[in-house]
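First comes the structure, then the notes that go with it.
Read-outs: derived from the displayed coordinates by stated rules, not from any lab. Treat the numbers as computed from the prediction; the structure is a model and nothing was measured. Neighbour counts are summed over all protein chains in view; Cβ atoms, including those assigned to glycine, are modelled from backbone coordinates with ideal geometry.
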Amino acid sequence: MPAVLRIALPVPLPTLFDYLPPAEGAAQPGSRILVPFGRGKQVGVVVEVDAASDIEGRRLKQAIRLLDDAPLLDAELMQTLAWAADYWLGAPGEAYANALPLALRETRPLPATGEEYWSLNHAGRSAHDAGSRRGGSRDLLAQLADGAKSATELGELLPGWRAAARRLAAADLLERSERPPAIPDMPASQTPQLNDEQQQAVTTVGASLGQYQPFLLDGVTGSGKTEVYMALIEQVLAQGRQAMLLVPEIGLAPQTVRRLRQRLGVAVEVLHSNLSEGDRARAWLRAREGSVRVILGTRSAVFTPLPQAGLIIVDEEHDSAYKQQEGFRYHARDLALVRARALGVPVLLGSGTPSLESLANAAAGRYRSVHLRARPGAAKPPQVQIIDMRAQRLEHGLSPALLGAVRETLARGEQVLVFRNRRGYAPVLMCHSCGWSAACPRCDRPLTLHARQRRLICHHCDFQQRVPASCPACEANELTALGQGTERLEEALVAQFPEVPVLRVDRETTRRRDAFENLLASLQDDKPAILVGTQMLAKGHDLPNLTLVAIVGVDEGLHSIDFRAGERLAQLVVQVAGRAGRARKPGRVLLQTHQPEHPLLRSLLAQGYAVAARELLVERRQINLPPYSYQVLLRADAAQRADVDGFLIDAQMALPENPALQIAGPMPAPMPLRAGRHRGQLLLEADSRQTLHSMLRAWQRALAALPLSRRVRWSLDVDPIDLY
Ligand code: ADP
Ligand code: ZN
Ligand code: ZN
């Protein structure tokens with residue numbers, strides 16, 4: 001029997017595919033290969049050579065062409081991907097498709113890994129001198145007037161420069177060239193003298209370089225975690241090794257990358273999903289060839305090759321952005337741990353509000369804990385207070401005590417942040433006469449009133465309609481907005497404090513990518529101002545004159561049916577509160593609630609996140625929820641409710657008999673209808689991962705074979721982080 005290649009193809013089928021080797025070249029695991037598939041062709045990754053095939057040799061098709069002489073994916077990545085596909089029940093090909101930038105999943109030759117440079121040619125210089133261009137084109141000409149610039153520099157200086165470059169290149173005014181990746185020639189900047197805790201953290205983690213060891217670095221924002229990361233990365237670089245730093249959002253990346261470049265004086269590559277495909281591929285390849293020593297990226301960067309790995313860091317490890325919520329549902333933090341083990345390097349998880357999972361791992365001795373409690377350079381931690389809003393006269397949801405505190409703060413010339421995690425004007429529009437309220441026809445949930453746009457918008461499916469002039473049910477003219485969103489709070493605050501600028505920061509006001517930073521930058525450091533906005537405000541650059549944080553409307557989080565709601569609320573409150581008093585001035589935090597006696601709020605405010613988290617963990621243990629049990633969620637949706645219910649009943653019947661397996665459902669999803677589709681779910685729970693994983697693949701195959709599986713969309717989510 002001839003040797004058979006076992007190949008992962010980017011198709012959502014939970015299997016590898018067998019082919020005969022191509023006419024030329026010796027395939028190796030990790031090489032890309034072009035094969036016939038169905039009526040077309042696909043680029044796959046060779047997983048095994050010399051595999052024994054169940055299919056008779058002569059019925060196998062032959063691969064068309066080997067794309068790589070040497071493997072593109074090294075043995076460690078291949079092993080990690082196989083593990084990940086298995087653990088998160090992905091199709092093997094989907095795992096590879098997530099790991100490889102799109103431009104590397106094509107038959108084209110690998111892109112050159114040099115840095116892309118742009119410069120003006122003669123005509124370009126004339127165009128610049130003549131000032132004949134407008135807008136982005138003119139800005140780009142001006143940027144290049146004093147010499148060539150790299151794509152990286154342009155990306156930082158001039159967001160959206162690529163469109164201008166395309167126009168100008170088409171008009172023959174620009175030239176593009178490739179050079180070896182630049183090492184920034186700025187001298188590495190001075191490290192501040194680390195304080196004792198920071199030094200302790202660096203020593204502890206540094207002592208584990210060269211071996212696998214997870215660490216949990218517990219320190220609020222501003223406690224100096226990034227300085228610790230940088231000191232450790234310096235050690236790693238000095239050993240000639242690579243470091244990877246994951247962050248939850250690109251929004252956090254530009255500042256961090258600037259800081260890393262200045263400090264370390266080496267090439268730092270940024271990898272996130274907003275990069276152009278070419279740039280992503282180049283960055284990935286540079287990491288693979290080792291010319292890039294520091295990789296900074298969001299979720300998918302966890303798949304970057306690290307042939308000379310020294311350290312992996314996951315910043316804000318509790319952030320749910322690390323979990324991919326569709327397709328291949330992996331968790332980048334968990335995968336970072338798996339990679340660190342395979343690579344034999346330490347992994348450092350940092351957060352001011354660690355996830356309960358990580359805290360439980362630390363308590364069980366699987367992770368070592370390091371703490372940063374002091375805030376370098378800042379005054380005392382902010383003082384936190386609850387405002388009981390029961391029976392108070394509210395001004396658009398704001399209590400007199402809260403407004404008084406805002407007034408005092410502004411009078412001192414300082415700034416205020418009002419946090420409300422709800423955009424729009426009001427979450428409900430109701431008829432005072434008959435009780436009708438506006439609901440999304442596709443989700444059966446209230447539509448959010450956006451007053452300035454005069455629209456009702458569904459925040460679940462984006463359905464929109466104009467605000468009716470009168471009640472559609474009884475025609476009375478008594479439509480009333482119930483509750484407050486950021487837009488309404490902005491209006492109320494402008495009315496109360498007409499003399500100070502009120503800046504609203506939410507998805508509506510910051511649609512453009514750089515709008516958020518620009519908005520914050522427009523705040524003068526030394527002038528009074530009010531910021532009102534959603535959780536976008538929990539992060540972003542420091543506001544030294546911000547001394548009061550007012551948190552309103554978080555009570556919904558106390559009633560949610562999701563067992564993680566308490567943990568999320570605690571994390572959010574702590575993150576937002578951390579914005580106060582970041583400089584020398586002391587800060588103050590007010591939390592306005594109808595439930596001043598709520599145990600979570602009480603322990604959080606009186607004793608801090610660590611104690612609140614410990615109490616939440618005790619609860620989880622008592623009712624046997626993660627991290628003390630393991631879950632897998634089967635979700636299904638369809639146009640007809642009957643199909644969803646029927647599928648889930650059949651799915652339950654297909655489960656093996658096992659007393660260790662607890663089954664909840666079939667039941668409607670917490671949102672039974674969304675975007676016009678009926679939704680349901682079946683939740684499996686067990687005390688050990690093994691119980692679940694030993695039956696999951698077989699169950700998945702059984703599900704795929706169910707007749708109703710063709711009438712529903714369904715997915716399996718291992719370790720789901722929300723039950724929606
Ligand atoms: P985190 O990453 O925990 O939010 P950073 O490392 O960004 O904290 O530190 C917060 C601020 O304090 C930064 O401006 C940083 O430069 C400064 N800082 C951190 N450590 C020190 C130190 N040991 N001495 C002086 N300033 C420090
Ligand atoms: Zn009515
Ligand atoms: Zn909707």
Low-density loop positions, chymotrypsin sites (Phe, Trp or Tyr not before Pro), region 1-37 - DSSP coil, at most 11 other Cβ in 10 Å | none
The extension gain from Ala148 to Glu326, computed as 0.36 nm times the residue separation minus the Cα-Cα distance, is 60.0 nm
Could you please rank Ser150, Ser276, placing first whichever residue has the fewest other Cβ atoms within 10 Å of its Cβ?
-> Ser276, Ser150
Once Lys and Arg get +1 and Asp and Glu get -1 on their Cβ, which of Leu723, Ser273, Leu398 lies farthest toward the positive end of the dipole of the chain?
-> Leu398
Of all the Cα-Cα pairs you can form in region 525-581, what percent are over 14 Å apart?
-> 58
For region 564-628 and region 420-451, what is the separation of their Cα centres, given in Å?
-> 29
Shape parameters for the chain, alpha-carbon atoms, Rg then Dmax in Å | 27.8, 86
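Can you tell me how much longer the chain between Arg602 and Asp562 gets when fully stretched, taken as 0.36 nm per residue apart minus their C-alpha distance, in nm with one decimal?
That pair, Arg602 and Asp562, stretches by 12.4 nm at full extension.
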Towards the positive end of the charge dipole of region 451-519, with charges on Cβ (+1 Lys, Arg; -1 Asp, Glu), say which of Cys474, Leu456, Phe497 has the farthest Cα.
-> Leu456
Placing each pseudo-label 7 Å from Cα in the direction of the beta carbon, Gln190 and His122 end up separated by a distance in nanometres of 5.0
Rounded to the nearest 500, the 222 nm mean residue ellipticity computed for the chain from DSSP H runs (n ≥ 4, each -39500 (n - 2.57)) alone is -9500 deg cm²/dmol
Work through the residues other than Arg241 whose Cβ is under 13 Å from its Cβ and net out their charges, Lys, Arg +1 and Asp, Glu -1.
-> 0
Given H placed 1.01 Å from N in the peptide plane, which residues other than close sequence neighbours of Lys323 have an amide H under 5 Å from its amide H?
-> Ala332
Which far-off residues, 5 or more places away or on another chain, put their amide H under 5 Å from the one on Arg368, with H placed in the peptide plane?
-> Phe215, Leu216
Checked against the positive end of the charge dipole of region 277-371 (+1 on Cβ of Lys and Arg, -1 on Cβ of Asp and Glu, about the Cα centre), the farthest of Val302, Thr353, Gly290 is Gly290
Lysine pairs, Cα distance under 26 Å, 8 or more residues apart or cross-chain: how many in the chain?
-> 12
Return the whole-Å distance between the Cα centroid of region 81-123 and the Cα centroid of region 284-304.
-> 11
Please state the charge dipole magnitude for region 1-157, taken about the Cα centre, from unit charges on C-beta atoms (+1 on K and R, -1 on D and E), reported in debye and rounded to the nearest 20.
-> 800
At q = 0.23 Å⁻¹, what base-10 log of I(q)/I(0) does the Debye formula yield for region 99-141 when every alpha carbon is treated as an equal point scatterer in vacuo?
-> -0.76
³J(HN,Hα) computed for each position of region 558-568 - Karplus, 6.51 cos²θ - 1.76 cosθ + 1.60, integer Hz, glycine/proline x | 7, 10, 4, 7, 6, 5, 8, 4, x, 4, 4
Magnitude of the Cβ-charge dipole (Lys and Arg +1, Asp and Glu -1) of region 509-606 about the Cα centre, nearest 20 debye, reported as 260
Counting only DSSP loop positions in region 415-523, the GluC sites (Glu not before Pro) whose Cβ has at most 11 other Cβ atoms within 10 Å are Glu499
Search the structure for amide H atoms under 5 Å from the amide H of Thr221, placed 1.01 Å from N in the peptide plane, and list their residues when 5 or more places away or on another chain.
-> Gly352
Low-density loop positions, GluC sites (Glu not before Pro), region 38-99 - DSSP coil, at most 12 other Cβ in 10 Å | Glu56
Between Arg341 and Thr107, what is the FRET efficiency for a Förster distance of 60 Å, r being their Cβ-Cβ separation, to the nearest 0.05?
-> 0.95
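How high is the FRET efficiency from Ala170 to Ala654, r the C-beta distance, R0 60 Å, rounded to 0.05?
Details: r = 58 Å, r/R0 = 0.96.
The formula returns an efficiency of 0.55 here.
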Ala364-Lys61 FRET efficiency (beta carbon distance; Förster radius 45 Å; 0.05 resolution) = 0.35
Within the chain, which cysteines find no other Cys whose Cβ is under 4.7 angstrom from their own?
-> Cys461
In nm, to one decimal, how far is the modelled label at Ala675 from the one at Asp555, with both set 7 Å along Cα→Cβ?
-> 3.3
Which value, in debye to the nearest 20, describes the size of the charge dipole of the chain about its Cα centre when Lys and Arg Cβ atoms bear +1, Asp and Glu Cβ atoms bear -1, and nothing else is charged?
-> 920
How long is the gain from Arg697 to Arg454 if the chain were fully straight, where each residue apart is worth 0.36 nm and the alpha carbon distance is subtracted?
-> 82.5 nm
Using only Cα atoms, figure out Rg for region 310-413 and give it as a multiple of 2.2 N^0.38 Å.
-> 1.63
How big is the antiparallel share of DSSP beta bridges in the chain, given as a percent to the nearest 5?
-> 55
